[in-house]
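The block underneath contains the structure these notes are about, expressed in structure tokens.
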Amino acid sequence: MSNKKILIIEDEEALRRALREEFAHANFETLEAKDGEEGLTIALSAHPDLILLDIVMPVMDGMAMFKKLREDAWGKDAKVIILTNYSDDERVASAVVQQPKYYLVKSDWKIRDVVAKAKEILGG
Amino acid sequence: MEKIPQKVFKATVSSAELVAQGVKKITCKISEPFSFSVGQYVWVEIPNIEGETKIPKGSRRAFSVCNMPNKENTISVIGRISESAFKQKFFAFSEGDEVTIHGPFGSTFIIGQNSPKDLIMIAGGVAIAPFLPIIETIKTQSLPIKCFLFYLNRNQESTPFLKELEALKENNKFFDYKVKYDVFSWDDIKYTCDGLEGERKWWVAGPQAMVGYVYGELEKGGISMFDMAFENYYPIHPHNLTLEKIKEQLQGEGILAQAIQNSASHTIITDANGVVLFANKAAEEITGYTVEEMLGNTPRLWGGMMSDEFYKNFWARKRMTAQIFIEGVINRRKNGEAYYANARITTIFDEEDEIIGFVGTEEDVTNAKEIDQAKTELIFLASHQLRTPLSAINWYTEMLLEEEAGKLNDKQKEYVDEVYKGSQRMVNLVDTLLDVSRFELGTFVLDLKPVDIVSFAKSMVKELKVQIDEKKLKCEERYSKEMPLFNADQKSLRIIFQNLLSNAITYTPSKGEVVLDVRMAKQGDIIGGKNVGEASVAVIVSDTGYGIPKAQQDKIFTKLFRADNVRGKNIEGTGLGLYMVQATVEQAGGSIWFESEENKGTTFYVLLPLIYTKKKEATKAP
């Protein structure tokens, strides 16, 4: 399970840092991006094992990035965790229709559980 | 059914008799062969009424034929002698007077080979007319129909055909009846459903307001509209308000007339049937219709101001202690634009306590609504924005508590733990605020999926186990054995269970008892003293807690309300929980009520219909 590569796309620095440290603590190799556009560039060149994607972001938001990612030959099968502020956020609902396999709820989840979920996805 | 030609016939009155106080039966012999079906009606026309100035004018009226088709070509009609010039004159007719009969005309009530097994008729006063020949037909043709008549009247003296009905009941097994002299309700008839199987039809005839009210009661009892049929008429009371009376009083130059004309509130006056006789300038401005367009119409022209209560009070003929107040009705201006209004309806009575008309006022509250909406949107956005910093607080305190950034001493751990708990509470509050604003903005989307309600309920109790144990409460769970999967929105169920259970836990002193009872409720079952209208899942949460003070029980579902007896107890609460529960239950088409006694406990009852019917569409407000 060690040395899996995770890309954290999150505009809030504090949250990005918490995720980075928690994942590093769990022996992940972490990559970071502060918006969807940057995230897409990194994802397509670095091909991480898992992408953690925030929805509300400047420049290119999470859903736009997700759509573009799915247009790519590698990206169409990339594993993505969508981070959202609210469980029934309409954008999440539409994201589910587009079949991302997993999504999380930011405030309701403990950060440990976010890591546990990531491990579960990569292990399965 | 055989097609019967409609024609004009000359006829002569062959008998006229008083069949009850103020009720006359007139039989006319038609000069040529006349055929009709039972339950049909005719127009009776009488020669020119001279000097007629009263409203409504006209020399003919519709009457249901109350006898059987016969070889003598006679028809009988009954009616109440009223001040209307037509009825005054017609019911004074005696043998030999000439009338013209038009018809016969179609009938709502058709009896024949394909009739239902059970027939329940509900008649208001003289509207019993169409039912008499129907009952007679069932008897003479020995049709396989059981027949029950609910006969609604003001008092015994003015009720026609009581002796005849009694005789019919005594001599025939297929027929039974009940006379009622006060307000009729679903409770009066529900027992007729017990033991009856097979197809059943409900036929209702009477004054328009009574029919409207009975319809509501039957609907409450879970009767499908497709099993009901109606025939209504528009009664004219002796002192009914007329255009002339209104004109006399309001169209002059008097101070009162000017005050009402120029009031900023939309004001209308209607007769007892809700027909508009007067409308002021504000009514024109708000609805966009001119006075001329409104006169002669009912307020339905611009919306539905006539509520169930309107019909109920009308039918009950009871003097209301207060006006009917309807908040936030959505009406429509002539140009199609919707507007919000608060409406008030006051009944006008004559000296004999007869309803003679209504005064309706409306205030256009669209602006206030819009401001309210903007406020809700602000709360929604603010709550949403709060979540990111809350996540940061939660995650970092969590990391501190996990001692990832180094060891904490006991005191530090305790402090950080408090920060964490506080932040968790804030997350819950923000979630509730988001739910509330979603509801108020109409953006709470239901995601209906089959739910195993028992597993769901068990998981909810499990989530609250810590609090239950902390207070050493006895928690009993009762589940019906065979609960069907039912379509529900899990988010809504969560709001209902979470709030009711956590309230029961919170407001019960330690060592008390909380009971969760989840069971099937069939139509006709009695749950918490109420009759179950349609098959539902019943969720009953009771506790032995502080209870809700009697004086405040009517406010318990109000937003931000908290009862006095718990304010001093240092118990956390937002006053949003029950408000949300009620909104959620109603959105699911269900109902909620409670019983409570101070210091004894409270029981909440929730019924969630097994088959979800969209009763309150969650739409985006304009």
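The values are calculated or read from the model by the stated rules, or taken from the named source; none is laboratory data. As the structure is a prediction and not an experimental result, all values here were calculated from the model. Cβ placement follows ideal geometry from the backbone for every residue including glycine, while neighbour counts extend to all protein chains displayed. These accessible areas exclude ligands, DNA and RNA; they are computed on the full protein's heavy atoms, side chains included. Shrake-Rupley method; radii C 1.70, N 1.55, O 1.52, S 1.80 Å.
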Which listed residue, of B:Lys569, B:Lys559, B:Lys522, is within 21 Å of B:Asn428 (Cβ to Cβ), within 29 Å of the chain's Cα centre (by Cα) and of a type in the set (D, E, K, R): B:Lys559
Only one of (1) open to solvent by 70 Å² or more (accessible area, probe 1.4 Å); (2) in contact (Cβ under 8 Å) with a residue 40 or more places away in the chain does not apply to B:Arg332, and that is (2)
For B:Glu572, indicate whether it is in contact (Cβ under 8 Å) with a residue 12 or more places away in the chain and over 26 Å from B:Ile453 (Cα atoms). yes
Looking only at the stretch B:592-622, count every residue that is open to solvent by less than 50 Å² (accessible area, probe 1.4 Å) and at pLDDT 90 or above and tell me the total. 12
Given the criteria of a type in the set (A, V, I, L, M), under 34 Å from the mean Cα position of the chain (by Cα), more than 13 Å from chain A (Cβ to nearest Cβ) and more than 26 Å from B:Leu501 (Cα to Cα), does B:Ile453 qualify? no
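Name the residue, out of B:Thr376, B:Thr346, B:Thr443, that is in contact (Cβ under 8 Å) with a residue 40 or more places away in the chain, open to solvent by 20 Å² or more (accessible area, probe 1.4 Å) and either of a type in the set (Val, Ile, Thr) or under 30 Å from B:Gly328 (Cβ atoms) (or both). Break it down stepwise before answering.
Working: B:Thr376 fails: open to solvent by 20 Å² or more (accessible area, probe 1.4 Å); B:Thr346 fails: in contact (Cβ under 8 Å) with a residue 40 or more places away in the chain.
When all the criteria are applied, what remains is B:Thr443.
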Pairs returned, first residue in the stretch A:66-90 that is within 14 Å of chain B (Cβ to nearest Cβ), second residue that is at pLDDT below 70 and part of a loop (DSSP other than H, G, I, E, B), beta-carbon separation under 6 angstrom, 6 or more apart or interchain, are A:Leu83/A:Lys106; A:Asn85/A:Lys106
So, in the stretch B:405-440, of the ones that are more than 13 Å from every other protein chain (Cβ to nearest Cβ) and touching a residue at least 24 places away in the same chain (Cβ under 8 Å), which residue ends up surrounded by the fewest Cβ atoms within 10 Å (Cβ to Cβ)? B:Val419
Restricting attention to the stretch B:530-558, the residues that are under 18 Å from B:Phe497 (Cα atoms) and of a type outside the set (Gly, Ala, Ser) number exactly 8
For the stretch A:6-27, what are the residues that are buried (at least 21 other Cβ atoms within 10 Å of the Cβ), hydrophobic (A, V, I, L, M, F, W, C) and under 13 Å from A:Val114 (Cα atoms)? A:Ile6, A:Ile8, A:Leu15, A:Ala18, A:Leu19, A:Phe23
Scanning the stretch B:464-495 residue by residue, those free of Cβ contacts under 8 Å to residues at least 12 places away in the same chain and either under 25 Å from B:Thr584 (Cα atoms) or open to solvent by less than 50 Å² (accessible area, probe 1.4 Å) (or both) turn out to be B:Lys465
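Pick from B:Lys71, B:Lys89: which is assigned to a loop (DSSP other than H, G, I, E, B), charged (D, E, K, R) and open to solvent by 30 Å² or more (accessible area, probe 1.4 Å)? Before you say what the answer is, go through the steps one by one.
Values: B:Lys89 fails: assigned to a loop (DSSP other than H, G, I, E, B).
The conditions single out B:Lys71.
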Filter the stretch A:67-108 for residues that are modelled with pLDDT of 80 or more and in a loop (DSSP other than H, G, I, E, B); which is least open to solvent (accessible area, probe 1.4 Å)? A:Ala78
Among the residues of the stretch B:526-545 satisfying the criterion of being without any contact (Cβ under 8 Å) to a residue 60 or more places away in the chain and open to solvent by 40 Å² or more (accessible area, probe 1.4 Å), which is nearest to B:Pro509 (Cα to Cα)? B:Thr544
Looking at the stretch B:177-191 only, could you name the residues that are within 19 Å of B:Asp118 (Cα to Cα), touching a helix residue (DSSP H, G or I) at 6+ places or on another chain (Cβ under 6 Å) and not in a helix (DSSP H, G or I)? B:Tyr177
Within the stretch A:1-50, the residues that are more than 13 Å from the chain's Cα centre (by Cα), of a type in the set (A, V, I, L, M, F, W, C) and either assigned to a loop (DSSP other than H, G, I, E, B) or within 14 Å of chain B (Cβ to nearest Cβ) (or both) are A:Met1, A:Ala14, A:Ala18, A:Ala24, A:Ala26, A:Phe28
Residues being surrounded by fewer than 13 Cβ atoms within 10 Å (Cβ to Cβ), at pLDDT below 85 and among the small types (Gly, Ala, Ser) - total across the stretch B:31-57: 1
So which of B:Leu401, B:Leu390, B:Leu381 ends up being open to solvent by 50 Å² or more (accessible area, probe 1.4 Å) and within 14 Å of another protein chain (Cβ to nearest Cβ)? B:Leu381
